[in-house]
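Notes follow once the structure below has been shown.
What follows draws every value from the coordinates through simple rules; no lab data is involved. Please read all numbers here as calculations on a predicted model, not as lab measurements. Because the Cβ atoms are built from the backbone with ideal geometry, glycine has one as well, and the counts that use them run over all protein chains shown.
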Amino acid sequence: MFDCKLQDEFARLAALQRYEVLDTPPEEPFDKITSLVQTVLDVPICAVSLVDRNRQWFKSSVGLDVRETARNISFCTHAIESRKPMEVHDALLDLRFAANPMVTGKPFLRSYLGVPLATPDGYNVGSLCALDIKPRRYAPQQIEVLKSFAAVVVDELELLSMVRTDQLTGAASRRAFVDNVGKAAAQFARHGRKSALIMFDLDHFKQINDSFGHPAGDKVLRAVGACCGELTRSADMFGRLGGEEFGVLLYDTDEQGAMQTAERFRQALAGLQIAHTPTIGITASFGVAAFSDRFQTSEALIDAADQRLYRAKQDGRNRCCAADRKAMPLGQPDCVGA
Amino acid sequence: MDALPNYEDMDVPLALEPSVTRHRANLARLVGALCAAGVDDEQIETSVNAVVASYRGELLSAIRSIMKSHADV
């Protein structure tokens, strides 16, 4: 039977991206599972492999000394093409793998058992795999064991994703957001990749809670989440940093570009009419900073944007302030807004 | 093997209930699979305890995150 989700690579990659797990540090739940599989199935190598566009990346592995390999030499890229476990008894006898450099060279793989990691909505984002350096056939009961562990891996991925998403607004959680600012700082340091940070805070939000109650406050936050989620480019990240404070991480963007984006967000929020009796309108104050010689670390960038946000509040709220005057058009002040 | 955890001691928010239900079912399946594969009781206990401890830790983080998303405002 034709299974369209197995053919939809674009949607599969989007499902993988939603987990926001690629390039994150090792985590105990996954390491425990690979270690248990190694013991229970008595294999030298086990991995939680996530199949990205051009690579497989290991969230956890035992017996391997690399964190990723090219996708075109990965066994798991074949495993995710099916709903069923994939077993390779002897890679040297399998035309797909006989010339594979991981078979002909280190670590000299000979057998493979991989179970697809299927998201609850049906996309295979990777596989839990057991590998050996000798030919091997697994008993059906052993395959069931690996399938059960694979289901637990997906449980953990789902839970981790919930921790990394703010459940009220749908934005990234503070933890996930700050992690990504840290990664952007590393990319700036290593490759000079420009990224910018917008931080904003809803004006007089306490008054909304005090006047209309916390359910109305929640409704406002959800509306902000929906509005800003739509405005955020797919490659960028929108996060809730706490209370009524939010952030937008813009990749490949300088401070001037970030100011333009911030102004677009400011205008959109100021135009929101949130259904309530009476209708609730909101404004927000924005601080903007970009990685530069002055702000090279995630802490420095967050601090700079936060200081500009504070300045926007002091200057009368409902405005955007940049950390660097040069971000503003000639002759303009370093803040714009209503 | 002790009964599988039901996390009754944790105030699981509605949003996480499907995850907990799915996880309990997956744990039961794992125990069954390990038994059928002839894994000894001690290893089964070790495996399940490790999986439960990890999930419990992440569940707690998720609960805190959800509670905080409301309590912050």
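Things worth noting here:
- P(r) histogram, all alpha-carbon pairs of the protein assembly as shown included - 20 Å bins from 0, percent: 25, 47, 25, 3
- Pairs of C-alpha atoms in the stretch A:165-277 farther apart than 16 Å represent 60 percent of all such pairs.
- In the distance distribution for the stretch A:87-206, Cα-Cα pairs more than 23 Å apart total 58 percent.
- Greater than 25 Å apart at Cα, pairs in A:5/B:68; A:59/A:147; A:84/A:106; A:5/A:84; A:194/B:68: A:5/B:68; A:84/A:106; A:194/B:68
- Over chain B, DSSP H runs of length four or greater, each weighted -39,500 (n - 2.57), average out per residue to a 222 nm ellipticity of -25000 deg cm²/dmol.
- Note that the stretch B:39-55 has calculated 3J(HN,Hα) couplings of 6, 6, 4, 5, 5, 5, 4, 4, 4, 5, 4, 5, 5, 4, 4, 5, 5 Hz, one per residue in order, obtained from phi through the Karplus relation 6.51 cos²θ - 1.76 cosθ + 1.60 (θ = phi - 60°); glycine and proline are x.
- Per-residue Cβ neighbour rank within 10 angstrom, fewest leading, A:277, A:283, A:169, A:34: A:277, A:283, A:169, A:34
- Fully extended contour minus Cα-Cα distance, from residue A:5 to residue A:134, at 0.36 nm per residue: 43.1 nm
- Shown in residue order for the stretch A:14-30 are the 3J(HN,Hα) couplings computed by the Karplus curve 6.51 cos²θ - 1.76 cosθ + 1.60 at θ = phi - 60°: 5, 5, 5, 4, 4, 6, 6, 10, 4, 6, 8, x, x, 9, 4, x, 6 Hz (x for Gly and Pro).
- According to the Kirkwood relation over distinct C-alpha pairs, the hydrodynamic radius of the stretch A:278-321 is 11.2 Å.
- Ranked list, fewest to most other Cβ atoms within 10 Å of each Cβ, for A:236, A:201, A:42: A:42, A:236, A:201
- Percent of Cα pairs exceeding the 18 Å cut-off, where the set is the stretch A:4-163: 54
- Of the residues A:220, A:145, A:51, the one that moves most in a GNM of chain A with alpha-carbon contacts below 10 Å is A:145.
- Highest-fluctuation residue, A:125, A:66, A:37 considered, GNM on chain A with Cα pairs under 10 Å: A:66
- J(HN,Hα) series, the stretch A:306-319, from Karplus relation 6.51 cos²θ - 1.76 cosθ + 1.60, nearest Hz, glycine and proline x: 5, 5, 5, 4, 4, 5, 4, 5, 5, 7, x, 6, 6, 8
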